[in-house]
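Read the figures in this text as sums done on the coordinates, not as results from a lab. The model shown is predicted, which means the values in this text are computed figures rather than measured ones. Quick reminder, even Gly has a Cβ in these numbers, built from the backbone with ideal geometry, and neighbours come from all protein chains shown.
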Amino acid sequence: MNTKNLLQCPPAGLLKQLLAMLYDSFLIAAILFIGTAILLPFTHGEAIHSFSYSLYLLMLIFIFYSWFWSKSGQTLGMKVWKIRIINDYGFNPSWTESFLRLAFAFFSMACFGLGYLWRLFKPYTWHDRLSHTKIIDVKCLGNTK
């Protein structure tokens, strides 16, 4: 896909972004269940209560998003809602840009979602600005790959 065409696409609406996140949350929940199941034989089936376990689950979330975003610019939820993430140059974000975006998104949520509320008044969220990425609506292309 031509990066010049991607740069001309309008920003995706906040509702589409939130619905894509909802779709992705179901897949992420399944991944976290599998990630936990992998650890259970080592704990003899006991519940895991540790900071390192929380970091492990957070790492799985970061890998999920970074993999999809760096490979195709879209998670499964984003494909359904025909939105895509690109960097400021129109390319798929790198792993570094993806990690930064996710870190800033978690910070945004920790601030009571202010980074997302910002999107109601500006074309992009806080984490879009800080990570030099943007979520675009690819319906303008006609071909929604």
In sequence order, what are the phi-derived ³J(HN,Hα) couplings for region 36-53 according to the Karplus relation 6.51 cos²θ - 1.76 cosθ + 1.60 with θ = phi - 60°, rounded to whole Hz, with x for glycine and proline? 6, 4, 5, 7, 4, x, 7, 10, 6, x, 7, 4, 9, 10, 7, 5, 5, 5
Build a GNM of the chain with springs between Cα atoms under 10 Å: which of Trp95, Trp118, Trp81 gets the top mean-square fluctuation? Trp118
Under 10 Å, Cα contacts only: if you run a Gaussian network model on the chain, which one of Tyr65, Tyr53, Tyr23 comes out with the highest mean-square fluctuation? Tyr53
In which sequence would Leu39, Leu14, Leu102 go, from the one with the fewest C-beta neighbours within 10 Å to the one with the most? Leu39, Leu14, Leu102
Residue (of His49, Cys9, Gly90) at the positive-pole extreme of the chain, dipole from beta-carbon charges: Cys9
Local electrostatic count at Cys9 - Lys and Arg +1, Asp and Glu -1, tallied over other residues with Cβ under 11 Å: +4
Per-residue Cβ contact counts at 10 Å, fewest first, order Arg129, Arg119 as Arg129, Arg119
Out of these labelled values of Rg/Rh (Cα atoms, Kirkwood Rh), (1) 1.44; (2) 1.28; (3) 1.02, which was calculated from the coordinates shown here? (3)
Of the residues Gly113, Gly45, Gly77, which exhibits the maximal mean-square fluctuation in a Gaussian network model of the chain defined by a 10 Å Cα contact cut-off? Gly45
Computed magnitude of the charge dipole of the chain (debye, nearest 20; Cβ of K, R +1, Cβ of D, E -1): 620
Before rounding to the nearest 500, sum -39500 (n - 2.57) across all DSSP H runs of length at least 4 in the chain and divide by the residue total; then give [θ] at 222 nm in deg cm²/dmol. -18000 deg cm²/dmol
